Each structure stands twice: as structure tokens, then as C-alpha cells.
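Derivation of every value follows stated rules applied to the coordinates shown; laboratory data play no part. Treat the numbers as computed from the prediction; the structure is a model and nothing was measured. Backbone-built Cβ (ideal geometry, glycine too); neighbour counts: all protein chains shown.
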Amino acid sequence: MTNVRVAATDEIAEGKGKELDVKGIKIALFNVRGKYYAIEALCRHQDGSLAPGRTQGEIVECPLHSWHYNLTTGKLIDYVDGVNLLTYPVKVEGNQVYIDI
Ligand code: FES
């Protein structure tokens, strides 16, 4: 794993996400009440980008057809069992956000 700087904290408003391309992998980075979460960006349903999805606590809703994922575990919490997105460890140093990938 490599520690990669991916954003400044002020680039992502509270409750919002941003899609990143890190080493060719699409990752959605979310700011939930000042805590940052990194998760695979593409929904397992039809590859919708989760980055513009609405968050409610640690849950993000896919903007296309409303599947819901837990940002901490990557687990889909409705419709289909056993669907999991990868999540990545996030670290904040000063005003910079890093992920391990
Ligand atoms: S693409 Fe995400 S719910 Fe359909």
C-alpha cells in the first residue's frame, strides 16, 4: 500500500463527495461532519458514480437508482446481500487528506 495525498480538506464541503482517479482506480472521497471516507466510486448496480450521491451520516445513496452503501464498510445495505465496495484508510494531516491504496 502507498500513502497518497488526494485532496485538501477545504475541497470537499461537509456532506459532499468528490471523485478521484488514484493510480487508475476511481475512488469517491466523502466529508461527513469533518471525517473523511474513501470508497470505490462506482456503484455495483450499473456503475453510477457515488461521488455526487447524497449522504446521511455514514450512508451514501447512489444518485442513479438509490442503492445505499455504508461508507465505513463499503457494504450495500439494501436490495442485494453480499455486495461490498472496497474502502480505503484515510488520514488527515493538517489540511491535507491522504489515502492508503
Ligand atoms: S447505478 Fe447505482 S443504484 Fe443503479
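Observations
- Among 87, 34, 64 - extreme Cα towards positive end, dipole of the chain, charges at beta-carbon: 34
- For the chain, built as a Gaussian network whose Cα springs stay under 10 Å, the top-fluctuating residue of 81, 21, 47: 81
- Modelled label positions at residue 2 and residue 26, each set 7 Å beyond Cα in the direction of Cβ, lie 2.2 nm from each other.
- Taking only alpha carbon atoms, the chain gives an Rg to Rh ratio of 0.94, where Rh is the Kirkwood radius.
- Here the chain is treated with +1 on each Lys and Arg Cβ and -1 on each Asp and Glu Cβ, and its dipole about the Cα centre works out to around 120 debye.
- Measuring gaps between exposed loop sites in the chain (trypsin sites (Lys or Arg not before Pro); DSSP loop; at most 11 other Cβ atoms within 10 Å), the longest gap, sites not included, is 34-101.
- Applying both filters, DSSP loop and at most 11 other Cβ atoms within 10 Å, to the GluC sites (Glu not before Pro) of region 20-101 eliminates every site.
- Nonlocal amide H pairs with residue 20, under 5 Å, H built at 1.01 Å: 27, 28, 29
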